[in-house]
Every structure is written in C-alpha cells, then in structure tokens.
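For reference, the structure is listed below as structure tokens.
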Amino acid sequence: MTDKGGSCRVVTFAPVESLDNFTQEMLEEFFDVVSVDYTDDGFEIYKGYKNASFQEDELTRFIAANNLNLPAYKTELLESANWLKDYVIQFAPVEVEDFLIYGVHEKEAPKTDKLAIRIYAATAFGSEHQTTKSCLKALSELNKKNVPHARILDVGTGSGILSLAAAKLWGKTTHVTAVDIDEEAVIVTRSNAEDNGLEKFITTGISNGYQSELVSKNAPYDIIFANILARPLIEMAPDLAQNLKPGGFCILSGFVGDQENWVIKAHEAQGLSLVKIYEMDNWRAALMEKKA
C-alpha cells in the first residue's frame, strides 16, 4: 500500500450483482485499498482508493491492458490528513446484543458492560452492515441456549468479526477455524485476533469455501458461520451439511428477502431445519439446526 497520509481519490463503481474473482484481484492490484458495500437488494458497490496524484487515465489504461469489463464509475477527491483512517476504517462503535464493536481509530475503548471487540476493518468488514448485526444476534441466542461450541467454522470470515465474537464469548472452551478466499481478509482477521488477545483460540487460513485441508482437518463443527451471499450459500449447502455435526447449528447470512426461500430450501434439502429468521431492512440471516 502507498502512503495513507494526506488526501486521496476514490473511484466508486456502479452497483453490480457480482464481480468475478479475476476482476476483483485486478482491482486489488491496481488500487491501494478496495472496499465493498451492499445495496438493500444485495448488489455490490466497489470503491477503490488511490493517492491524490492519481489520474483517471491510469485506470483507463489498466482496464484496457487487462481486458476488464467493469461497471460505470465516478472519481472524486477526498480531502483528509489521513484518508485510510478517515474514509475507510472509521465507524462509530456498534452495540449488538452481548457485544460492542469499535475501531482501532478510537483513542480508548468505549465504556461498556458488553464484550468489547476492537477491529481494524480496512477492506474486509462493513462494521455497521445489517448482516453482521443479525449474525451477532444469532450468536448471542446460541449462547443463551448453551449449545455445544468446542469447534466452530467461520466461512468467508471477512475481518473475523464473528470469529472474534465467538472466541470472546466462550474463550478456552472453543476453537474457531476462520477462512476466506481473500488473503487480505485472512491477514486482517489474524491481526484482529492478536490485537484482542484471542489468537490462541482462532486459526486462520485461505480457503475456497470448505475446500482447504485446514477446514477438513478440524471438521466436524458444532457451529458454522457463513455470512457471504445467496449464490455461494446455495452452492455450498452440501459442503456445510457434511462439515456440521448432527445437532449442530449454522448461522447463514448475506441474502435479501426475495432470496430467503432459495437459501432455506437448499439447506433443508441437506437435512437442516430452520430455527429462526432475523430481519434487518431488506437483509436476512437464518439460524438453522442439523437434527441429531
């Protein structure tokens, strides 16, 4: 990454259903930081950040040289003394059920009687996103049920927020395997675990869904988190069921209202049953159980 000090230019792309892995990798190669947000109907909005000296024709040449098919975009200058802190990782502390999430930009930890988790978000986490909040609500509910939690899998871990929450909640009685297809997410998760003193409870690694040796080595799991998107959730439903213990629970999220039935039915076909749906705006999360 280049110098994060001073102002920067941000390129905001029009919402798309999804970008293929190659295009995402190319954007991450070109920009200093890439972030992704989501519209209420589940579309992705990519933003790329470069230092203030960036010229738009640099991007035009890069797109042509790599034959990329990108959505329309706009470029703007963001005035700042530290653009990474002010525009990428800064967010207000978030309280959800048992947890309080706050960023590294806070000078001191907020006063709270909840479990406080400090994160560096950068490219890997939408701290205030509805799906994250719903997943934390479901996790708190599992804690109230006192369910088995010795082995947990977090697929598509992002910044590791769910892994951190589980490790903070259950400590020495749990171990979390946190994986993501994106190396940056794995690095951020590992750093966040160390920053919170939770690294002994969380093992991180790169994995395309459930396909890595790390995932298979630690299976089966008492709980699986999968806060991704509807299509990969549906495609990976058989893998989830295979890696989840009988009597185990999964928390699924990253889908919107009109995708709810597709996601639920795909997992019911694998022997899981719906426990509860969490709704926040148009986003959904599902708590499901694999019958013993």
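The values are calculated or read from the model by the stated rules, or taken from the named source; none is laboratory data. Predicted, not measured: the structure shown is a model, and the values here were computed from it. Ideal geometry is used to build each Cβ from the backbone, glycine not excepted, and the neighbour counts take in all protein chains shown. Ligands, DNA and RNA are stripped out before the accessible areas are found, and what is left, the full protein with its side chains, is counted by its heavy atoms. Shrake-Rupley method; radii C 1.70, N 1.55, O 1.52, S 1.80 Å.
For the pair L274 and E17, label points projected 7 Å from Cα toward Cβ lie 2.3 nm apart. For the chain, with all protein chains present and a 1.4 Å probe, just round the carbon and sulfur fraction of the accessible area to a whole percent. Carbon and sulfur: 45 percent of the exposed surface of the chain. When both region 143-209 and region 239-292 are represented by their alpha-carbon centers, they are found 20 Å apart. Compared with the alpha-carbon gap, the fully stretched path from E28 to L77 is longer by 15.7 nm at 0.36 nm per residue. Counting only protein heavy atoms and using a 1.4 Å probe, the accessible area of I234 comes to about 60 Å².
Put a dot 7 Å past the Cα of S7, heading toward its Cβ, do the same for F43, and the two dots end up 3.0 nm apart. Ranked from largest to smallest solvent-accessible area, with a 1.4 Å probe on the protein heavy atoms, H175, H267, H149 come out as H175, H149, H267. Subtracting the Cα-Cα distance of E183 and Q211 from 0.36 nm times their residue separation leaves 8.6 nm of extension gain. Over region 152-230, Cα pairs under 8 Å with separation of 6+ residues give a relative contact order of 40 percent.
When DSSP beta bridges are restricted to pairs lying wholly in the chain, around 60% turn out antiparallel. Straight-distance candidates among the lysines for linking to K144, with alpha-carbon spacing under 16 Å and chain neighbours fewer than 8 residues away dropped: K114, K168, K276. In the context of the full set of protein chains, the chain has a per residue accessible area of 46 Å² (1.4 Å probe). L272 exposes around 10 Å² of accessible area when a 1.4 Å probe is run over every protein chain in place. Relative to the Cα centre, the charge distribution of the chain, modelled as +1 at Lys and Arg Cβ and -1 at Asp and Glu Cβ, gives a dipole magnitude of about 1200 debye.
Extension gain for the segment K144 to V36, taken as residue separation times 0.36 nm less the Cα-Cα distance, is 35.6 nm to one decimal. Only protein heavy atoms count here; under a 1.4 Å probe, R284 has an accessible surface of about 30 Å².
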